[in-house]
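First up is the structure itself, then whatever we jot down about it.
The values are calculated or read from the model by the stated rules, or taken from the named source; none is laboratory data. Please read all numbers here as calculations on a predicted model, not as lab measurements. Here the Cβ positions follow ideal geometry from the backbone for every residue, glycine too, while neighbour counts run over all protein chains shown.
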Amino acid sequence: MLTLTGIVVLLALGVRVWKKGIFGIPLDPYSMICLSYFRFFGLGSSYSEQDLTIDFSILLALGCFSAAFFLANGGCTDFACGTLGVLWPPSRTCQRPAPIPYWGRVVLVLVVVAYVVLNLWVATLQHGSLMKALVRLYSNFDVVYVNPWLLRASKYCYYGALMALLVLRYNHVVFGSGRIALWVSCGLCMFVAFPKGSAGGLVAVVFPLLYGDLLGRLSVGRKLRLSMDTYAIGGTVLVFVFVLMAVRGVRVADPQELWEQVKARANLGGQAVGAVAGAHHVVWQDIGFCLKTFGKEEPFLWFYTPYSILVNPIPRELWPEKPVGFGLRLAEIKYEGRTSVVSLAAGLAGEGYANGGIFGIVLLSFGFGFISGKAAKYALTAFVIPSYPVLATGMLLFGLSGRFVRGGMMSMFCAGFYPLAAWCVLLFLVGRLWTLGGASGASSYRVPLQGGNG
């Protein structure tokens, strides 16, 4: 059944579709946030007095988040353009980017290959063998310690691979070149996404293709719709998601046994829907746990999330007692101090309440809503600046804008902000070296956009 949150979110989505059209929704950050809210909080199997309290808490969080989002999303677009121009000077922009040459496409494919190799190497170290790494399916085997810097390098390479997919797709739509490089890269990313056991990891492969398709069409004035090959890859990913959701909790020893488990499950669609409903139920329960525990059985964790974000850049090797993310802290409290690698998620409603009751919900929702709104504004600005590096920056900004739905918030913020910061530093340094090498250009770049997202 629909929750109150689900009804409100569907109404908001209806307004966005009416204003932007169905194919404008993927390029609208707020619409994607609403879809995430519906996925995690829009449907419920039962409705008690406790559920009503949870619903109102989620709506309070969504309301404060939305107010801050649109407040941050308004204002002067020229300022956003100027800031992006600092990262990659306007002299490298034109009416649209030039076709990527053959050697450039080879470099982008090698970026994806580097991510695949590093990902499998780290997974092999964690699980003991390459075979176990290929069928690990959400920590199917015991994980051994590996150097955390290897894990960080793998994550940064992951974002590099997604940016390479976006650029290759955009180039293919606009200029019709690089089809082989695009699909080889896409296949490699899907190959390493499935063993991780994360449906989100598989779906993440689709988004660079989707954005590259739509943005490429916009840049050449074509009708805003999706290409048939985007539908094809989306359908393929959907099949893999159904398979993954049905078998990722099963312990298998090799790919052959995994295939036998897949064949034994005829109703993949029903099992996948059940898994999604289960994820909703778990988040809903954890929000309820926060509402009935903090301030009553447990003291509030005043400003725990903002503090954990501020100190997170300090390596744990230098500060072993550094505060963990709220998801791990919640698991420790819920399971009465038992050591656990499980990280729970309670959304802005639950995590905000733990940070200080109603005040905490308003504080966290408004703060993360403002960050999301600014990221969305800069993303939409970057998407219309004719430059491959800035286009890739826009994808990272777009991803950051939609992270603050389920939680934990510190983990989501760091996962979106650190790759963005590293990429911006790299762009700035390369841009300055280019300028010192003799390139010159105009001091400003202006794009004819409206001031807000609407």
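Points worth noting:
- Residue ID - surrounded by the fewest Cβ atoms within 10 Å (Cβ to Cβ), chosen from residues in the stretch 155-171 that are of a type outside the set (A, V, I, L, M, F, W, C) and within 16 Å of the chain's Cα centre (by Cα): Tyr156
- Check on Phe40, in a helix (DSSP H, G or I), within 30 Å of Pro148 (Cβ to Cβ), at pLDDT below 90 and of a type outside the set (Gly, Ala, Ser): yes
- Some residue of the stretch 96-109 being surrounded by 14 or more Cβ atoms within 10 Å (Cβ to Cβ), in a helix (DSSP H, G or I) and free of Cβ contacts under 8 Å to residues at least 12 places away in the same chain: yes
- Hits in the stretch 166-198 (condition: polar (S, T, N, Q) and modelled with pLDDT of 90 or more): Asn171, Ser185
- Every listed requirement among (1) within 14 Å of the chain's Cα centre (by Cα); (2) in a helix (DSSP H, G or I); (3) within 22 Å of Cys64 (Cβ to Cβ) is met by Val405 save one, (2).
- Test for Ser411: is it at pLDDT 85 or above and closer than 29 Å to Val15 by Cα: no
- Per-region count, the stretch 329-387, residues closer than 18 Å to Leu60 by Cβ and aromatic (Phe, Trp, Tyr): 5
- Residues of the stretch 283-314 that turn out to be over 17 Å from Gly325 (Cβ atoms) and either part of a helix (DSSP H, G or I) or in contact with a Ser or Thr (Cβ under 7 Å, 6 or more places away or on another chain) (or both), as a count: 6
- The stretch 162-186 residues that are more than 16 Å from Val113 (Cα to Cα), paired with ones that are among the β-branched types (Val, Ile, Thr) and in a helix (DSSP H, G or I) (beta carbon under 9 Å, 6 or more apart): Arg169/Thr230
- All of Tyr353, Tyr378 fail the test of being more than 21 Å from Tyr158 (Cα to Cα), touching a helix residue (DSSP H, G or I) at 6+ places or on another chain (Cβ under 6 Å), at pLDDT below 90 and assigned to a helix (DSSP H, G or I), apart from Tyr378.
- Criterion: among the small types (Gly, Ala, Ser) and surrounded by fewer than 24 Cβ atoms within 10 Å (Cβ to Cβ) - qualifying residue of Gly350, Gly360, Gly367: Gly367
- The residue pairs whose first member lies in the stretch 198-216 and is more than 23 Å from Pro386 (Cα to Cα), whose second member is of a type in the set (Ser, Thr, Tyr) and outside any helix (DSSP H, G or I), and whose beta carbons are closer than 8 Å, counting only pairs six or more residues apart or on different chains, are Ser198/Tyr138.
- Meets criteria (in a helix (DSSP H, G or I), crowded, with 16+ Cβ neighbours inside 10 Å, modelled with pLDDT under 85 and over 23 Å from the mean Cα position of the chain (by Cα)) for Gly85: yes
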